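Please treat every number below as a calculation from the coordinates, not as lab data. It should be emphasised that the depicted structure is a prediction, and the values quoted were computed from it without experimental measurement. FYI the Cβ positions are ideal-geometry reconstructions off the backbone, even for glycines, and counts take in every protein chain you see.
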Amino acid sequence: MRTSQFFFTTLKEDPADAEVVSQKLMLRAGYIKRAAAGIYTWMPLGLRVLRKVESIVRDEMDKAGGLELLMPAVQPAELWQESGRWEQYGPELLRFKDRHQRDFVIGPTHEEVITDAVRRDIKSYRQLPIHLYQIQTKFRDEIRPRFGVMRGREFLMKDGYSFHTSFDDLKREYGNMHETYSRIFARLGLNFRAVAADTGSIGGTGSHEFHVLADSGEDDIAYCPDSDYAANVELAEALAPATPRPAPAAALTRVATPGKTACVEVAEFLGIALDSVVKAIAVVSEKEDGGNNFSLLLLRGDHELNEVKAGKIAGMAPFRFATEGEVEESLGCKPGYIGPVAVDGRKVAVFADRAVAAMSDFVCGANEGGFHLSGVNFGRDLPEPQIADIRNVLPGDPSPDGKGRLEIRRGIEVGHIFQLRQKYAAALDCTYLDENGKSQIMEMGCYGIGVSRIVGAAIEQGNDAKGIILPAAIAPFAVCVVPMGYHKSEAVKAAADRLYGELRKLGVDALLDDRNERPGVMFADMELIGIPHRIVIGERGLNEGKLEYKGRRDAEPTLVDQGGIIDMILRKLCAA
């Protein structure tokens, strides 16, 4: 491709409304243009990157046994009503009526449509398993679209769905997709981690997210550098202390702590370590009969509550934080001084985090304004609590697999796989006849990749002050040929055209910058748009039989013999 034949637009300054690096650079490089909030036009340069990502995804999915189809973006409301998600999904589901006043949605996902398609045609166990996938535009009406293509309203997604006769076969395919996704992100050249995750609103029993590691990520990932363990912080297990609880050594004492309501303030006021203070968090959950359960969640003063874990305590989900009035009614005290000692166990359930359950002689609220208790011990001063893992892990915590210590990084979710089991198949009566002619509900898996989001994530991971640094597999062009004086020197023009033509014949995705621009502008543009390899041709170099080569990450260019430039480029491309 020649720049003179290409729709090539770059900006010198960052757009004022861009929030993150990828958004700024994609707009500056001319990858995308904003059409509306969270909706973008993919310009020719950006589309080349998007299509390369899509091609790798499709290639690996086909190799893994997936069958591609294309489902409608517009879906009838009846399917969503049948699954129960018409009411559950919320305002992100864009609903509208056609001219006949029939309800439709613009699909944010396709579980209902694919299940409907399969239940129509698959009747026998002999037709299973099957894995169907598509790469298609989705729409979710985000309340606050932001971060460019990272959290837009319209986006390109690969979503796949597998159907099985047994849970064991579903688990086999789930493993197949885990391996396939790992190959996809490795081929894309991304630094990523597969992490155990919560299934969330999609439902099901098993779930893994694939995260590109980047400081701008929205999710915290706990991982062990010495093993393959990785999990979303919402799910990462915090192990119980390895040492047993020490015996009580202090007497229970009521101490005045006027105006000290936060654990940090209490610890500082009493001159003790923060990890010797226990905070009580009051929560309320609804009973099946319409009443409420009032509970105290106990955490060490230096730990934070993990709401996802707490919500998995039997009878706790869904829960909310208690109001000030509810706290006073149940404990006779305003928040800030509440604690687990002398509470009515018939009215207040007490759950202690594993770390708290191993503490002795700790400090907690006295359920009396302006006072705390010190020297508190389970079994002596209050009943043994119910124990649960309800805190977020911290850097340095032991890895749950026993192979090292945890570190925490930010991650951008670009893929997610689920064991849906029978959630949608049961709701939509998606069944088959088994070997005995008996009707059985199918088992389902669901597998998604944010194709357009990957582009933003890759740029968040690869950039510098000059612009975009993309992995070679998805860069818009592999090599750019930049001639100095293309319109002034016949020798430069002939050498540039010849090198460009030879690269093209060899299948190298090359760009010839034949614009009549200053060298500084051409260099800056090629670095901004993220081309991995640059070859500069000038009259002085030609006279010496030399060309100038510079990799996108190289600090300085190097001179290469003109006759060896193609072999060198091919070696670098093969190595990448």
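Trypsin sites (Lys or Arg not before Pro), restricted to the range 302-370: which are DSSP loop and have at most 16 other Cβ atoms within 10 Å? Passing sites in the range 302-370 are Lys312, Arg346, Lys347. With 10 Å bins beginning at zero, the pair-distance distribution over Cα atoms of the range 253-388 amounts to 13, 46, 34, 7, 0 %. Shown for Val21, Val308: other C-beta atoms within 10 Å of each C-beta, ranked fewest to most, produce the order Val308, Val21. The share of C-alpha pairs in the chain whose separation exceeds 40 Å stands at 44 percent.
Taking each residue as 0.36 nm, the span from Leu506 to Glu286 lengthens on full extension beyond its C-alpha to C-alpha distance by 72.4 nm.
About the centre of its Cα atoms, the range 503-576 shows a dipole size close to 200 debye [charges on the beta carbon of Lys, Arg (+1) and Asp, Glu (-1) only; nearest 20 debye]. Taking a Cβ cut-off of under 13 Å around Thr9, the surrounding Lys, Arg, Asp and Glu residues balance to a net charge of +3, with basic ones at +1 and acidic ones at -1.
Note on the chain: dipole from Cβ charges, positive end direction compared against Val393, Leu296, Ser360; the farthest Cα belongs to Val393. In the chain, the calculated helix contribution to ellipticity at 222 nm averages -7500 deg cm²/dmol per residue, counting -39,500 (n - 2.57) for every DSSP H run with n ≥ 4.
So which trypsin sites (Lys or Arg not before Pro) in the range 407-447 end up in coil per DSSP with only 10 or fewer other C-beta atoms within 10 Å? Hits after loop and neighbour filter: Lys438.
Among the GluC sites (Glu not before Pro) within the range 421-522, those in coil by DSSP and having at most 11 neighbouring Cβ atoms inside 10 Å are Glu435. Near Gly485, once Lys and Arg are set to +1 and Asp and Glu to -1 for all other residues with Cβ below 15 Å from its Cβ, the sum equals -2.
Considering only Leu235, Pro519, Asn377, and ranking their Cα positions along the charge dipole of the chain that arises from unit charges at the beta-carbon of Lys, Arg, Asp and Glu, the one farthest toward the positive end is Pro519. By the count of neighbouring beta-carbon atoms within 10 Å, fewest first, Thr115, Thr558, Thr431, Thr180 end up ordered Thr558, Thr431, Thr180, Thr115. As a test, work out the antiparallel percent of DSSP beta bridges whose residues both lie in the chain, rounded to the nearest 5. Bridges in the chain are about 80 percent antiparallel. Remark: the Cα gyration tensor places the range 242-285 in the oblate category, a/c being 1.5 or greater and a/b not exceeding b/c.
The mean sequence distance of close C-alpha pairs (under 8 Å, at least 6 residues apart), as a share of the length of the chain, puts its relative contact order at 17 percent. Using only side-chain charges placed at the Cβ, +1 for Lys and Arg and -1 for Asp and Glu, the dipole size of the range 253-388 relative to its Cα centre rounds to 200 debye.
As a proxy for reagent exposure, ranking Phe477, Phe96, Phe8 by other Cβ atoms within 10 Å from fewest up yields Phe96, Phe8, Phe477. Hydrodynamic estimate: the Kirkwood radius of the range 13-146 over Cα pairs, inserted into Stokes-Einstein at 25 °C and 0.890 mPa s, corresponds to D of 138 µm²/s. Around Ile272, with a cut-off of 15 angstrom between Cβ atoms, what is the net charge of the other residues, counting Lys and Arg +1 and Asp and Glu -1? Computed value for this residue: -2. Projecting the Cα atoms of Gly448, Gln5, Pro557 onto the charge dipole of the chain, computed from C-beta unit charges around the Cα centre, puts Gln5 farthest toward the positive end.
Charges were assigned to the Cβ only: +1 to each Lys and Arg, -1 to each Asp and Glu. The resulting dipole of the chain about its Cα centre is roughly 1540 debye. Seen from every direction in turn and averaged, the convex hull around the alpha carbons of the range 427-576 projects onto 14.4 nm². Against the compact-protein benchmark of 2.2 N^0.38 Å, the Cα-based radius of gyration of the range 320-402 scales to 1.23.
Here the label points at Leu570 and Asp98, each 7 Å from Cα along the C-beta direction, are separated by 5.6 nm in the simple model. Computed 3J(HN,Hα) for the range 105-119, one whole-Hz value per residue from the Karplus formula 6.51 cos²θ - 1.76 cosθ + 1.60 where θ = phi - 60°, is 9, 8, x, x, 6, 10, 4, 5, 5, 5, 5, 5, 5, 6, 5, glycine and proline marked x.
Using all pairs of distinct alpha-carbon atoms, the Kirkwood hydrodynamic radius of the range 83-224 works out to 17.8 angstrom. Here's the list of lysines a cross-link from Lys260 could span, going by alpha-carbon distance under 30 Å and ignoring same-chain residues fewer than 8 apart: Lys279, Lys309, Lys334, Lys347.
Residues of the range 359-388 with amide nitrogen under 19 Å from the 7 Å Cα-to-Cβ point of Ala256? From the range 359-388, the list is 364-375.
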